[in-house]
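Have a look at the structure below before the remarks.
The values are calculated or read from the model by the stated rules, or taken from the named source; none is laboratory data. What you are looking at is a predicted structure, and each value in this text was computed from that prediction instead of being measured. Every residue, glycine among them, receives a Cβ derived from its backbone with ideal geometry; neighbour counts consider all protein chains shown. Remember, those area values only see protein heavy atoms, side chains included, never the ligands or the DNA or RNA. Shrake-Rupley method; radii C 1.70, N 1.55, O 1.52, S 1.80 Å.
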Amino acid sequence: MSEHTQATSPILAVPQLDLAAQYAAIGEEIRAAIAKVLASQQFILGREGAALETELASLCGAAHGIGVASGTDALILALRACGVCAGDEVIIPPFTFVATASAVNAIGAKPVFADIRPDSYNIDPSDLQRRVTRKTKAIIAVHLYGLSADMDPILEFARGHDLRVIEDNAQSLGATYKGRHTGSMSDAACISFYPTKNLGGYGDGGMIVTNSSERAARLRMLRNHGQSARYVSSEAGWNSRLDEIQAAILRVKLRYLPEWQRARQVHAAAYSKLLLGVPGIAPPLVPENYGHAFHQYTIRVEQRDALQQFLNERNIGSAVYYPVPLHLQPLYSSLGHKVGDFPHAEHAAKEVISLPMYPELHSEHITRVAEAAIEFVTK
Ligand SMILES: Cc1ncc(COP(=O)(O)O)c(C=O)c1O
């Protein structure tokens, strides 16, 4: 192969995510699903949304699904439906997307951080006792990167302190924990359909799943102006509805989710086979009895920024989720935290890097990415 062919061969450039490859495979079905909604002229709270709610609740092993406008709205509404009010405290990890915390702020409550475990990147149940106060009302357990948080001790702690538990399942649809699905273990669980998620829409969207009929009924009111009947509002809600076009698109994609999920797991296993035992690289942990959804394949490397540049120079995409832990964000300067307060979150923020991961990835890509990472740490 000539040098020129090598430099321009698409197989050699590896994006971190390639949504176009997925659209190329299922575009026809997506366009047909959209056309069906257009023909029906029913755009809000119709059959597609209702069917998606049933299908996703069943996927998560929960009784009810309530479609909303985004994952962030799902968190805000779930907090409200769990009785969290202004002035209450909610314990969350500082190593997550800002939406987990800003949802708490949105209802006038206060996010209180508990550090993460360095190996799973999820909230450390043994740090909860230090953070709980008389004002604590709930814990949000984030399942980061596709891996469930260690739910049993979190749920036990919550029971002992009469706290509600909300799962932030934005990144981990399809993951399991000791035989249970993420989304089925708490008072309410929140899903995001942001386009890059494992089940991503073609715009914003989200859902709450819950086993409580009472909470589900309240959530249906809250997402629709607090209306208990048409034009009768029982409490202040607002407009946060998942539209029919998004629901129809997501229903097409949902049929492929198990296949995509398996592909992600095969890719992750291929990466780990190459990277496990390489000094200087820590591949993701998959604890026994956990099913990882591999939204991201995230490794840990001391010289993370230099590795990212090294990969970039070789046309290999990567991403850092998240470079600044929440307690050190300008948004939370008023909470008075300083460097050193949550050492595991800070350390992770400096060292994590997510390698290319999507179902359509080729095994040649994986070998190329892993070999580049190994070259970097051994040079
Ligand atoms: C962990 C986490 N929580 C919440 C959200 C918010 O979801 P959305 O972007 O749909 O509002 C996201 C994704 O963006 C996320 O990754």
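Would region 45-166 count as rounded, prolate or oblate if I go by the C-alpha gyration tensor, calling it rounded below 1.5 in a/c and otherwise prolate when a/b exceeds b/c, oblate otherwise?
Cα axes put region 45-166 in the prolate bin.
Report the extension gain between residue 202 and residue 54 in nm, rounded to one decimal, defined as 0.36 nm multiplied by the number of residues separating them, less their alpha carbon distance.
51.3 nm
As an exercise, use a Förster radius of 41 Å and the Cβ-Cβ distance of residue 238 and residue 313 to find the FRET efficiency, rounded to the nearest 0.05.
Rounded to the nearest 0.05, the efficiency is 0.30.
Send over a whole-number figure in Å² for the accessible area per residue of region 260-379, probe 1.4 Å.
48 Å²
Nearest-5 percent of antiparallel DSSP beta bridges in region 1-154?
That works out to approximately 10 percent antiparallel.
Could you give the distance between the Cα centres of region 308-379 and region 39-112, to the whole Å?
Here the answer is 27 Å between Cα centres.
Counting Lys +1, Arg +1, Asp -1, Glu -1, what net charge surrounds residue 175 among other residues with beta carbon under 14 Å of its beta carbon?
Once all neighbours under 14 Å are counted, the net charge is +2.
Below 8 Å between Cα atoms, with a sequence gap of 6+, how large is the relative contact order for region 1-157 in percent?
Contact order relative to length: 16 percent.
Would you kindly compute the Cα radius of gyration of region 160-305 and its largest Cα-Cα separation (Dmax), both in Å?
Using the Cα atoms of region 160-305, the pair Rg, Dmax is 19.0, 64 Å.
With a/c under 1.5 counting as rounded, go ahead and sort region 186-238 into rounded, prolate or oblate using the C-alpha gyration tensor (a ≥ b ≥ c being the square roots of the eigenvalues; past the cut-off, prolate if a/b is larger than b/c, else oblate).
Cα axes put region 186-238 in the oblate bin.
Taking Cα pairs under 8 Å and at least six residues apart, what relative contact order does the chain come out at, in percent?
22 percent
For the pair residue 230 and residue 285, how long in nm is the line joining their label points, each one 7 Å along Cα→Cβ?
Result for the modelled spin labels: 5.4 nm.
Out of region 253-358, which GluC sites (Glu not before Pro) are coil in DSSP terms and have no more than 13 other C-beta atoms within 10 Å?
For GluC sites (Glu not before Pro) across region 253-358 that sit outside H, G, I, E and B with at most 13 neighbouring Cβ atoms in 10 Å, the list reads 288, 302.
If you add up the charges near residue 148, with Lys and Arg at +1 and Asp and Glu at -1, over every other residue whose beta carbon is less than 13 angstrom from its beta carbon, what do you get?
Net charge around residue 148: -2.
State the number of lysine pairs found in the chain whose Cα atoms come within less than 27 Å, restricting to pairs 8 or more positions apart or on distinct chains.
Step by step, the pairs that qualify in the chain add up to 19.
At a 10 angstrom cut-off on C-beta neighbours, averaged per residue, how do the peptides 263-274, 186-197 rank from highest to lowest?
Answer by packing, highest mean first, reads 186-197, 263-274.
If you wrap a convex hull around the C-alpha atoms of region 234-364 and split its volume per residue, what is the figure in Å³?
Normalising the Cα hull of region 234-364 by residue number yields 225 Å³.
Work the Kirkwood hydrodynamic radius out for the chain: mean of 1/r over every pair of different alpha-carbon atoms, inverted, in Å.
21.6 Å
What are the residues whose amide H is under 5 Å from the amide H of residue 136, where those residues sit 5 or more places off or on another chain and H is modelled from the backbone?
89
Grab the Cα-Cα distance for residue 156 and residue 35, subtract it from 0.36 nm times how many residues apart they are, and report the gain in nm with one decimal.
38.8 nm
What share of the DSSP beta bridges in the chain is antiparallel, in percent to the nearest 5?
60 percent
Using Cα pairs under 8 angstrom and six or more residues apart, how large is the relative contact order of region 223-379, in percent?
Here the relative contact order equals 25 percent.
Once phi is turned into ³J(HN,Hα) by the Karplus curve 6.51 cos²θ - 1.76 cosθ + 1.60 with θ = phi - 60°, what whole-Hz value does each residue of region 190-207 show in order, with x for glycine and proline?
10, 10, 10, 10, 3, x, 8, 6, 4, 10, x, x, 10, x, 7, x, x, 8
Based on the Cβ-Cβ distance from residue 13 to residue 341, what FRET efficiency comes out when R0 is 45 Å, to the nearest 0.05?
0.65
Which order do 320, 339 take when ranked by solvent-accessible area (1.4 Å probe, heavy atoms of all protein chains), largest first?
Solvent-accessible surface, decreasing: 339, 320.
Tell me the label-point distance for the pair residue 131, residue 119, using the 7 Å Cα-to-Cβ offset, in nm and rounded to one decimal.
2.0 nm
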